[in-house]
Amino acid sequence: MPVINYQGTKMSARQKQELIKRFTEIAADISQTPARYFTVVIQEFDDDSLGTGGKTVAEIKTQINK
């Protein structure tokens, strides 16, 4: 059973549904494996628990919104 693991900031339920749908469709198409065999795992982090370039996502979002 193939597993697709996504890690990122929090999303709405609608966004997660769309992500699961699209990941599954694309992976099934490329691998020629039936979609029913795919499992998608979403691991979410708060904006202050995830960072890049030495800054948290919360800091980055604040700077973008200025």
How many residues of the range 6-52 are under 22 Å from residue 63 (Cα atoms) and either touching a residue at least 60 places away in the same chain (Cβ under 8 Å) or part of a loop (DSSP other than H, G, I, E, B) (or both)? The answer is 4
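Taking the range 43-66, which residues are among the β-branched types (Val, Ile, Thr) and closer than 10 Å to residue 9 by Cα?
57
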In the range 1-49, anything among the β-branched types (Val, Ile, Thr) and at pLDDT 95 or above is listed as 3, 4, 20, 24, 26, 30, 33, 39, 40, 41, 42
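The values are calculated or read from the model by the stated rules, or taken from the named source; none is laboratory data. None of these values were measured; they are calculated from a predicted model. Cβ sites come from the backbone with ideal geometry, for glycine too, and all protein chains shown count toward neighbours.
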